[in-house]
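Peer 1: Here it is, the structure, as structure tokens.
A short reminder: the numbers here are calculations on the coordinates, not readings from a lab. Remember, it's a predicted structure, so these values are computed and weren't measured experimentally. Every residue, glycine as well, gets a Cβ built from its backbone with ideal geometry; the counts of neighbours run over all protein chains shown.
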Amino acid sequence: MMSEQKLIEPIPYDDFRPARDLVLERLREAILNRTLVSGDRIVESDLAQMLNVSRTPVREALRVLEAEGLLKRVPRKGLFVKGITKEDVEEIYAIRISLESLAVSKAVEKIAPAEINRLKQLVDLMRNYTESSQADKLFSVCQEFNDILVRSCRMPRLIKLVRVYMEYLEQFRTISMAKRERQIVALNDHEEILQAVIERDPIRAEMAVKKHLTGALEAFLREEGLCDKSEINK
């Protein structure tokens, strides 16, 4: 069962999005950042009290997390955190690579000059933050770069799918970007992507995105050394 040390911040009163979405976001983040770890037992009433919401949005969010494979129901024992395994990370990255490759190939055709200018500014900021070893600011700028690039594909359904997997990977990317050598590689990758966008070369842009995300996956796995799936004792 979750201990008192594993507190999750309550849902803020001034966020007016649907309660289920807020609870889902908060719980998914808690699993991905390992506030909740593999084997933790999930108690619906405890979560509702902790998040300061009714049990209904918690129940709905738990169903989604179970369907996503982040939770596991054990007969006669309850619901447990399954957590993220090496195989999960590889699958999520594979999906994101496919989605973002498609997005960038379309973005190259549709991106506006003003958006390209902003990408140039962001790469300049990346260079400054890499040289000054400001990892948090570098990560934030990379996020904006990626968001602009994906949005410029002008395909709402694809954008929505990419954002789902970006959310999954946010915690992984923070870890993979922690080391300076990875920051330098990421800067070079974004410079390659930008140049392909400027030249409106979809094939080159797609290859650069695949290279960047594959490198991010490899960096994360090296840093974390994720183990194989762990089974909850029956």
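Peer 1: Which residues, counting only those in the stretch 21-74, are more than 25 Å from VAL89 (Cα to Cα) and surrounded by fewer than 19 Cβ atoms within 10 Å (Cβ to Cβ)?
Peer 2: If the condition is that a residue be more than 25 Å from VAL89 (Cα to Cα) and surrounded by fewer than 19 Cβ atoms within 10 Å (Cβ to Cβ), then VAL43, GLU44, SER45, ASP46, ALA48, GLN49, ASN52, SER54, ARG55, THR56, ARG59 are the ones that fit.
Peer 1: Could you check GLU167 against (1) more than 13 Å from the chain's Cα centre (by Cα); (2) surrounded by fewer than 14 Cβ atoms within 10 Å (Cβ to Cβ) and say which number it fails?
Peer 2: (1)
Residue by residue, here is whether (1) farther than 17 Å from TYR93 by Cβ; (2) assigned to a helix (DSSP H, G or I) holds:
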{"residue": "ASN117", "(1), (2)": "yes, yes"}
{"residue": "MET126", "(1), (2)": "yes, yes"}
{"residue": "TYR129", "(1), (2)": "yes, yes"}
{"residue": "SER133", "(1), (2)": "yes, no"}
{"residue": "ASP136", "(1), (2)": "yes, yes"}
{"residue": "GLN143", "(1), (2)": "no, yes"}
{"residue": "GLU170", "(1), (2)": "no, yes"}
{"residue": "GLU181", "(1), (2)": "yes, yes"}
{"residue": "ILE184", "(1), (2)": "yes, yes"}
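Peer 1: Next question. Restricting to the stretch 122-151, what's the tally of residues that are β-branched (Val, Ile, Thr) and closer than 12 Å to GLN183 by Cβ?
Peer 2: Number of matching residues: 2.
Peer 1: Pairs under 9 Å by beta carbon, first residue free of Cβ contacts under 8 Å to residues at least 40 places away in the same chain and at negative phi in the stretch 132-148, partner not in a helix (DSSP H, G or I) and not acidic (Asp, Glu), six or more apart or different chains?
Peer 2: PHE139/MET177; ILE148/ILE111
Peer 1: Please name all residue pairs, on different chains or six or more residues apart, with Cβ atoms under 9 Å, provided the first residue is in the stretch 208-222 and is crowded, with 16+ Cβ neighbours inside 10 Å and the second residue is among the basic types (Lys, Arg).
Peer 2: LEU213/ARG96; GLY215/ARG182; ALA216/ARG173; ALA216/ARG182; ALA219/LYS179; ALA219/ARG182; PHE220/ARG173; LEU221/LYS86
Peer 1: Does the stretch 197-207 hold any residues that are closer than 14 Å to ILE116 by Cβ and either among the hydroxyl-bearing types (Ser, Thr, Tyr) or buried (at least 20 other Cβ atoms within 10 Å of the Cβ) (or both), and which are they?
Peer 2: VAL197, ALA205
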